[in-house]
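These notes are about the structure you will find just below.
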Amino acid sequence: MKKVGFFQSVRLKLILVYILLLLLGIQVIGVYFVNNLESNLKENFISSIDDRIKWLKYSLEQAFQEERGEDDPSLESAVQSILSDFDSRDGDISKILVVDNNSRILAAYGQHINEQDDVGKKTNERNIQSTLLLGDTNEQEVMDDGDRVLKKTFPIKAPDNSVVGAIYLEAQMDEIYQQLREINGIFAKGTALSITITALLGILVARTITKPITEMRRQAKVMATGDFSQKVNVYGTDEIGQLAVTFNDLNEKLQLAQATTEGERRKLSSVLSNMSDGVIATDRLGAITLMNTPASKLIGQPFEEVQGQSLIDVLNINDQISDISEVQDAGSMLIDMSTDDQYLVLKANFSFVLDEYQHMNGFITVISDVTEQEKVERERREFVSNVSHELRTPLTTMRSYIEALAEGAWQDKEIAPRFLEVTQNETERMIRLVNDLLQLTKMDNQGYDLLKERIEFIEFYHHVIDRFEMNKAEDIVFERQLPREEIYVWIDKDKVTQVMDNIISNAIKYSPEGGTIRFRVQKVRNKLQVSVSDEGMGIPAEKVDKIFDRFYRVDKARTRKLGGTGLGLAIARDMIEAHHGEIWAESKEHHGTTVIFTLPLMKKKRRGGK
């Protein structure tokens, strides 16, 4: 192996990275600082010019407005006199021209200006023409013979705001840029010094990093010759140290790998090429010889426990395949690995491995988790079955009673009204079921919007309870444990009313004679917690979490008798979750049930708008 030179080494790259990062940081800071400094110097320079020109502008406006007699000095003389007074205080302004509204130069000041040649002539300076025409102030920075010059034009206005003249000036800005050049020189010297120090430190740091790598490279060359007896030194517990430990582990594993047969190599190649999810490799007798981590997780057993066991036994497919030779014909199959706590369905795809003589040398099984797909399909079948059953029951009842009426029962004044009442009740039950199904369908398809508003919940809750209290049985007691403070929530009033109607209706239905229904409200952190408790028969612990499933009934016979559809709590759950809340039940058999839901509280506004 060719020796790596310094200019191709990692050490040089690390040093360059340090230097480039430092250089980048300095340049970013320098550019930001210099740009801001340049802007500030220019602003201060221009502000100074503007402050000093105010006096000149005011004096010239007074001179332009002054009425002159025959003995008074001319406007040109007055303007030149004003400029002479201004000249003694303004050394950085190199040129000033005062022109009237006809573009004629009334007076001039400057180091390179011949007053005899310029005064009295018209000027075609574009900035002056613009100021005279529009009455605005023009400002321009230009290069003049290698010098930066600020050209600025101010209007001279009469009391009626008309433009009667203009002031044109030129100011040298070389001093500003001289300061910037000096600062840039300081930055350049600092950058060079920083780069030098960084390079020296980088050499030391890079050496500590590259020394273990160099040793590993040297050991790798020894390993390439087949000598696995030596190990690299471990200098620490950092990433380099961990790499050295891993390198030593690799040394041991490579030593073991030399004993692997050519057939195992072919098998491993086939496993890698067919890997999609979980992969299990077996020999020709079906004993497991290799398994990856996803497969271990799916079947719930580590490779160490199943190594050497039969694939049929591990996957528990004895009822589908009796002999490993049938795997080749099976192609793929679904495997139910469900337990009491977890529903799990796997899909297994089988393929076989050929050796160099084209003889079958083992099997490759690729397994994937299809639980969700099967769960959706099962729920769809159960939903269709439940809907069919719920519709068939009232339809059968209605048909029986209608047939009885058609056969003459309608003439019986005692029987006919009862039959019609039953038919009407079953019709209303079907209508409630269809409405609930339509509402659930809208929720599933995001087909409805929440019309939220700010609601004072305690008063709102009292109104809902009052409506039920007026129509309840006399032997049922309502007990309210509601706070007296005002609590505000942001909710869809109609949707939350429907939730509470479903919960309170269930509590009334399942309350025994003389039972008490308790209504509680409390704040829990940033949420409002609402609970409704009854003293009914309660729900077994293993069934509590299922009461919010669609069509689920703890006591089907009693629920149908009371007219329920099995969808009320399912609708309540979807509506509460749409409000970003939670809903659950707590129950103990023979000791009643409590249904609890939460709603987000509105944040209180601080006084003073803070």
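The values are calculated or read from the model by the stated rules, or taken from the named source; none is laboratory data. It should be emphasised that the depicted structure is a prediction, and the values quoted were computed from it without experimental measurement. Positions of Cβ are backbone-derived with ideal geometry, glycine not excepted, and every protein chain shown enters the neighbour counts. Please note that ligands, DNA and RNA were not included when accessible areas were found on the heavy atoms of the full protein model with its side chains. Shrake-Rupley method; radii C 1.70, N 1.55, O 1.52, S 1.80 Å.
Estimated at 0.36 nm per residue, the fully extended path between D323 and R454 surpasses their Cα-Cα distance by 40.3 nm. With a Förster radius of 60 Å applied to the C-beta separation of Q424 and Q307, the computed FRET efficiency comes to 0.30.
Extension gain, E577-E372: 0.36 nm per intervening residue step, less the Cα-Cα distance, totals 71.6 nm. Backbone phi angles across segment 92-109, fed through the Karplus curve with coefficients 6.51, -1.76 and 1.60 (θ = phi - 60°), yield HN-Hα couplings of 8, 8, 8, 7, 9, 10, 10, 10, 8, 6, 9, 6, 8, 6, 8, 7, 9, 9 Hz in residue order; Gly and Pro are listed as x. Count charges around I312 for me, please; just the other residues with Cβ under 11 Å from its Cβ, Lys/Arg as +1, Asp/Glu as -1. Overall, the nearby charge balance is -4. Bridging of K347 to aspartates and glutamates at a Cα separation below 17 Å is possible for D277, D313, D319, E326, D329, D336, D369, E372, E374, E377, once same-chain residues fewer than 8 apart are set aside. Counting heavy atoms of the protein chains alone, V530 has an accessible area of about 0 Å² for a 1.4 Å probe.
The phi-based Karplus calculation (6.51 cos²θ - 1.76 cosθ + 1.60; θ = phi - 60°) puts the 3J(HN,Hα) values of segment 465-472 at 5, 4, 4, 6, 5, 5, 10, 6 Hz, whole numbers, x for Gly and Pro. On a straight-distance basis, which aspartates and glutamates could pair with K495 in a cross-link, Cα separation under 15 angstrom, same-chain partners fewer than 8 positions away excluded? Excluding near neighbours in sequence, the set is D436, D449, E453, D574, E577, E582. Among the listed pairs K54/K151; K57/K151; K523/K546; K13/K221; K472/K543, those with a Cα-Cα distance over 18 Å are K523/K546; K13/K221; K472/K543. For N161 and L37, a Förster radius of 35 Å and the Cβ-Cβ distance give a FRET efficiency of 0.35, rounded to the nearest 0.05. Other residues with beta-carbon under 13 Å from the beta-carbon of Q481 carry, at +1 per Lys or Arg and -1 per Asp or Glu, a net charge of +3.
The order of H580, H359 by accessible area, most exposed first and with a 1.4 Å probe, is H580, H359.
Using the Cβ-Cβ distance between M602 and T516 with R0 = 45 Å, the FRET efficiency computed as 1/(1 + (r/R0)^6) comes to roughly 0.90. Per residue, the solvent-accessible area of segment 450-508 (1.4 Å probe, heavy atoms of protein chains only, all protein chains present) comes to 56 Å².
Net length available on complete extension from T208 to E586 is 129.8 nm, with 0.36 nm assigned per residue and the Cα-Cα distance removed.
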